[in-house]
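Worksheet: one structure, shown below.
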Amino acid sequence: YRERLRRLNRLGVGLWDVLAGCRRPGSLDRNVRRRDLELNDLLALFRRHPAIAVVFCNGSLAYELFVRHLVPGLAPQIRSVTVEKLPSTSPANRYMPYGEKLAAWRRLERVLRRDRLP
């Protein structure tokens with residue numbers, strides 16, 4: 001896991017959870033108790049790293065929480081950050097065929113390649 005994180009960092013990719021904690025019976029996101037959400041301080045992350053240009057959210061819940069709770073607090077100079085929802089990589093997301101998930105996640109690869117062009 002640590003080596004994977006190092007490789008991501010070398011590519012300029014950060015990995016961060018929207019939630020620091022929550023309560024949910026079982027493991028499904030739809031069971032997350034909204035009144036018990038603990039958001040990570042992603043606003044501080046954006047202040048420390050103002051060059052962040054694109055955020056990819058792993059699944060609908062991460063996207064919804066990011067857009068609802070964090071985007072409104074972003075400073076005007078970083079409100080232009082693009083936020084994209086990708087299909088959840090969770091095994092619970094078994095309704096989308098693997099090939100479709102892979103094709104959607106390849107968007108991240110295309111963004112990285114574009115940013116690396118001279």
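The values are calculated or read from the model by the stated rules, or taken from the named source; none is laboratory data. Given the structure is predicted, the values throughout are model-derived calculations rather than measurements. Methodologically, a virtual Cβ is constructed for each residue, glycine included, from the backbone with ideal geometry; neighbour enumeration extends over all protein chains shown. Just so you know, the surface numbers come from the protein's heavy atoms only, side chains and all, with ligands and any DNA or RNA stripped out. Shrake-Rupley method; radii C 1.70, N 1.55, O 1.52, S 1.80 Å.
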Could we say that Ala20 is in a loop (DSSP other than H, G, I, E, B) and either among the hydroxyl-bearing types (Ser, Thr, Tyr) or open to solvent by 60 Å² or more (accessible area, probe 1.4 Å) (or both) here? no
Across the stretch 71-118, the tally of residues that are at pLDDT below 85, in contact with a Lys or Arg (Cβ under 8 Å, 6 or more places away or on another chain) and open to solvent by 40 Å² or more (accessible area, probe 1.4 Å) stands at 1
Filtered residues of the stretch 25-50 (kept if within 13 Å of Ala62 (Cα to Cα) and either open to solvent by less than 100 Å² (accessible area, probe 1.4 Å) or at pLDDT 80 or above (or both)): Leu28, Asp29, Val32, Leu37, Glu38, Leu39, Asn40, Leu42
Could you grab the pairs with beta carbons closer than 8 Å, sequence gap of 6+ or different chains, first residue in the stretch 44-65 and on the phi > 0 side of the Ramachandran plot, second one at pLDDT below 90? Gly59/Asp29; Gly59/Ser88; Gly59/Thr89; Gly59/Ser90; Gly59/Asn93
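State whether one or more residues within the stretch 88-97 are within 16 Å of Gly14 (Cα to Cα) and among the β-branched types (Val, Ile, Thr). Walk me through how you get there before you give the answer.
Taking the stretch 88-97 and keeping what is within 16 Å of Gly14 (Cα to Cα), we get none.
Checking the stretch 88-97: not a single residue is within 16 Å of Gly14 (Cα to Cα) and among the β-branched types (Val, Ile, Thr).
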